[in-house]
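Bear in mind that the values in this text are calculations on the coordinates, not laboratory data. Note that this is a predicted model, so its numbers are computed, not measured. For neighbour counting, all protein chains shown are included, and Cβ atoms are generated from backbone atoms with ideal geometry for every residue, glycine included.
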Protein chains: 4
Amino acid sequence: MVEDGIELPAVIFFGRISYIVNSFEGEFHTHKGVIDLSELKNLSYGDEVRTHLGFPFKIRPFSTADFFKHFKKGPTPIMPKDIGAIIAYTGLRSGSLILDAGTGSGVLAAYLAYFNRDGIVVTVEKRPEFAKIAKKNFELAGLGNVRLLIGDVFDLAEAFKIKFDLITLDMKNDAEFVPVARELLRKTGYLVVYNPYMDATRRVYLEMQSAGFEELQSFELVKIDLEHKRVGTRPLTKIWHTGFIVIGRKID
Amino acid sequence: MVEDGIELPAVIFFGRISYIVNSFEGEFHTHKGVIDLSELKNLSYGDEVRTHLGFPFKIRPFSTADFFKHFKKGPTPIMPKDIGAIIAYTGLRSGSLILDAGTGSGVLAAYLAYFNRDGIVVTVEKRPEFAKIAKKNFELAGLGNVRLLIGDVFDLAEAFKIKFDLITLDMKNDAEFVPVARELLRKTGYLVVYNPYMDATRRVYLEMQSAGFEELQSFELVKIDLEHKRVGTRPLTKIWHTGFIVIGRKID
Amino acid sequence: MVEDGIELPAVIFFGRISYIVNSFEGEFHTHKGVIDLSELKNLSYGDEVRTHLGFPFKIRPFSTADFFKHFKKGPTPIMPKDIGAIIAYTGLRSGSLILDAGTGSGVLAAYLAYFNRDGIVVTVEKRPEFAKIAKKNFELAGLGNVRLLIGDVFDLAEAFKIKFDLITLDMKNDAEFVPVARELLRKTGYLVVYNPYMDATRRVYLEMQSAGFEELQSFELVKIDLEHKRVGTRPLTKIWHTGFIVIGRKID
Amino acid sequence: MVEDGIELPAVIFFGRISYIVNSFEGEFHTHKGVIDLSELKNLSYGDEVRTHLGFPFKIRPFSTADFFKHFKKGPTPIMPKDIGAIIAYTGLRSGSLILDAGTGSGVLAAYLAYFNRDGIVVTVEKRPEFAKIAKKNFELAGLGNVRLLIGDVFDLAEAFKIKFDLITLDMKNDAEFVPVARELLRKTGYLVVYNPYMDATRRVYLEMQSAGFEELQSFELVKIDLEHKRVGTRPLTKIWHTGFIVIGRKID
């Protein structure tokens, strides 16, 4: 890494509005005018670049939180805390082959692709309108290792000739897919299911138990943000629930 | 990865007792007798290996949870959920240079080394008795990319000629080290502080704010495990608090 | 209680807008016209009463939640869950003499007056503009057993010739008032302090400890509401933090 | 209340062992010898009373927490925080007629009887062995306004000629009893169901919804205790889940 240069993707911002930038060439259209991307080549983080109308945009590095912030999202997108739990509990390392069923807007697939830079994420979405959103999100983030398939994962699964290191499910009929997922996993691979509902979480857990998954656990992570004001420190009054996670492993 | 072979480290277990195994050579002493490790070379996960007294141990793959389970630990060890948050919010990828101040029993450094396989973790511990425990834990886990230094991190910091991508602190005088940490970070690098106490968390946050760290956030993750019994599903009656996390980034 | 009659206060509502009604005489002005309150005398809950413009308002019984819903409130009003904890942990029963310092908008004093129907609540507020709001709220709720004093509770305390069964504090300099509160309590009486900040909670706790309060505890209650949709059950995505509670008792 | 005298029930304790005392007459057997209860008549809280072996027991007032501490309990007893929520959200005041179905060890019925001093609590338990425990607990607490019935509440319900202000359920087939409970409630009365399981909570909620209950809500209260040590303040590492509460009201 060059200490002072800018790495792609980078983020440019003016006040509270920010954009992800993925190239050092061409024009970039903002709400305050057009930026000549070639100017970024010789700049550093913290520097400014001006639009043709003279508005100064500051440059900051891309952060994983930008997936969550800049993506078009569905109603219950998975949050970084949940991604972190998937990585920490499955020991996911770069170079893995991952199947993600139920792409939605692509937040989970994007994170997995980011952390699995030397591997591949195959993500499957049935609804073309969601696949279209996800495709744009992946391009925005400059992720080259995501393969987006449009179709029913039950049908597509029959054609897969490879075994996966990790399978993640975020779709309605997740419990039905559990036995298929087990077939598609290589030995020692993990299945992770994300679901906002308690009842569905129970069904998935029991299905994984009877399918012979081991190291089974199911949980939710509640993130409590602290607010540090002059007068004192307190939890933010809003605490967010997102969804439940079930993790299991195929040992033999 | 060979589909059917065993990868090191692996875990052998008999009932509820398990051991981490890190070699295919030599003898391994268990509470039920001695195992000849060379036998593992031709076995698969799920197979059994017998001690000289005839007790059968099953073989399963190592999982990151084994750090937490098998390590000698201090009173408030960081948990996988917290490691996951550090990775997800800093975007940590393998190949990084990490400084971990306040090794303790080494749980955090071990996780960081595992996920940073192609990089280096420098971990600093002042108390020799803790450093000794951490050293054994790193050996147990077969981690070759941890450099354990014994000494005061304030003194050692002056000698560092390199800049770090990530610095983690888990030590008493963490707030005082914040300005030093900023000096040691490369641009775009992250500082993460873990502390079980609210008051110390406030001090660190305010210190990082005045030192010019950006993307500042402080939070705690509460893990609520679900229990699925025949009669129904419920949260486990015990929910665990571990500690607060403060994350900030050096932009320029 | 008459099974079919309406008890005061009652609530009348049209769609999502509701009003507390405290008399069976006179006119009541709503956003949809005027209601003749004498009509309510012969009606039952679930019945309708019409405004002079013909809009039908339904009648339902008053509930304690109406304090919270209909009162003008400040930024961090205490919630019913917290009132419940105060009652349950102090064993508060009707007929008590209660001092409430830091009236604010009067939510806590109103609840205490409601549950302490045969006793008295003395509530003290320094800022006249808040006292004005509280006064209106008490009238709205038809509470006849609240005595609202405007002034500094440190000054007023010197004049009290009686001892209280319960003292509640919700004000900035709460820790300083702890020794005074102890003097004002009768033996076996409880002191309860409500504060949204962790640091202030710590100061109060330590102050109560050194002042000799017993049965000391400090906690926060997080209320997790469940949402039951056709597709499943889940925690509402927003979970609310309000404040910390410290409770202690004067034994001798 | 006499400022300096002892009120019954009172608590006597020696170190960590304590007993509830309910009379000023007769002998009381402790693990450290026998106490002559008539001695308590002239003592105050904080004073000591000695056993015939000379061991000094201190006297402190009874607190509602003593129900929870001294009662023989089943596996998932309701906690004071939950009792508080029931009182706060139903506006329960002394003088009510309460039906409690599923007595168990009697913790809930005892709290209700305590706060409903001028009213009656009818509590029904099917299993004689539990009824026996509950009976002892009620005697221990000196509660004279609890009527304990042994039998099936579905059968007994047919014989009730009165209507209740509040009905609480803590039993396995709670959802089935919802329509019966509605019949037994007077207008404006509340039904409260306590259950440790999510699935049962959902069934009860949907049943209450279709039975026409209003002001419906379902939630869980998580109590986070704070620990104030010299080095700082933090949540206790264990946070407790007990059960879910569903509350609804019969309006017409």
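Some points to look at:
- The stretch D:200-252: trypsin sites (Lys or Arg not before Pro) in DSSP loop, at most 16 other beta carbons within 10 Å: D:Arg230
- Think of each Lys and Arg Cβ as +1 and each Asp and Glu Cβ as -1; about the Cα centre, that makes the dipole of the stretch C:1-91 roughly 540 debye.
- For chain D, the C-alpha radius of gyration sits at 1.13 times the compact-globule guess of 2.2 N^0.38 Å, with N the residue count.
- Length-normalised contact order of the stretch D:187-252 in % [C-alpha pairs under 8 Å, at least 6 apart]: 53 percent
- Bridge type composition, the protein assembly as shown - antiparallel percent by DSSP, nearest 5: 65 percent
- Paramagnetic reach from D:Ser38 (point 7 Å along Cα→Cβ, amide N under 12 Å) across the stretch D:1-31: D:24-27
- Placing a label point 7 Å from Cα along the Cα-to-Cβ direction at B:Glu227 gives distances to the equivalent points in the other copies of 2.2, 2.8, 3.5 nm, listed shortest first.
- For the stretch C:17-122: relative contact order, % (alpha-carbon pairs under 8 angstrom, 6 or more apart): 18 percent
- Cα→Cβ-extended label distance, 7 Å offset, between B:Glu7 and B:His52, nm: 3.3 nm
- One quarter of the convex hull surface built on the alpha carbon atoms of the stretch D:124-191 amounts to 5.0 nm², the projected area averaged over directions.
- Distances between copies of C:Lys161, taken at a point 7 Å out from Cα along the Cα→Cβ vector and listed shortest first: 5.3, 8.5, 9.9 nm.
- Overall size of the stretch D:89-233 from C-alpha positions, given as principal axis extents largest first: 61, 38, 29 Å.
- Per principal axis, descending, Cα span of the stretch B:188-234 in whole Å: 54, 26, 11
- To the nearest ten degrees, helix C:198-210 and the longest principal axis of the Cα atoms of chain C are 50 degrees apart.
- Exposure proxy for B:Arg182, A:Arg50: other Cβ atoms within 10 Å of each Cβ, ordered fewest to most, give A:Arg50, B:Arg182.
- The distance linking the stretch C:50-93 with the stretch D:182-230 is 18 Å (Cα centroid to Cα centroid, whole angstrom).
- Options B:Leu99, B:His31, B:Gly142, ranked by Cα towards positive dipole end of chain B, top entry (Cβ charges): B:His31
- Helical runs (DSSP H, four residues minimum) scored at -39500 (n - 2.57) apiece and divided by the length of chain B put the mean residue ellipticity at 222 nm at -8000 deg cm²/dmol.
- Looking at the stretch D:124-246 alone, DSSP beta bridges between its own residues are antiparallel in about 60 percent of cases.
- Within 10 Å of the Cβ of each residue in C:86-97, the mean number of Cβ atoms contributed by other protein chains is 6.
- Dipole magnitude of the stretch C:19-175, debye to nearest 20 (Cβ charges: Lys/Arg +1, Asp/Glu -1, about Cα centre): 220 debye
- Signed unit charges on C-beta, dipole axis of chain A, positive-most listed residue A:Val180, A:Thr233, A:Leu8: A:Thr233
- 20 Å reach of a label modelled at A:Lys161, 7 Å along Cα-to-Cβ, counting backbone N of the stretch A:167-200: A:183-187
- GluC sites (Glu not before Pro) within the stretch B:1-79: DSSP coil, no more than 10 neighbouring Cβ in 10 Å: B:Glu3, B:Glu25
- Relative contact order of chain C: 14 percent, from C-alpha pairs under 8 Å at least 6 residues apart in sequence.
- Here each label is just a point 7 Å from Cα along the line to Cβ, and for D:Ala211 and A:Lys132 those points are 4.9 nm apart.
- Label-to-label distances for A:Gly33 across copies, nearest first, come out at 6.0, 8.3, 9.4 nm, using points 7 Å from Cα in the beta-carbon direction.
- Share antiparallel - DSSP beta bridges, the stretch B:1-128, percent rounded to 5: 75 percent
- 0 to 90° range, to nearest 10: angle between helix D:174-184 axis and chain D longest Cα axis: 80 degrees
- Within the protein assembly as shown: Cβ-based charge dipole about Cα centre, in debye rounded to nearest 20 (Lys, Arg +1; Asp, Glu -1): 0 debye
- Where rotation carries B onto A, the chain B residue whose Cβ is nearest that axis, in whole Å: B:Gly84, 1
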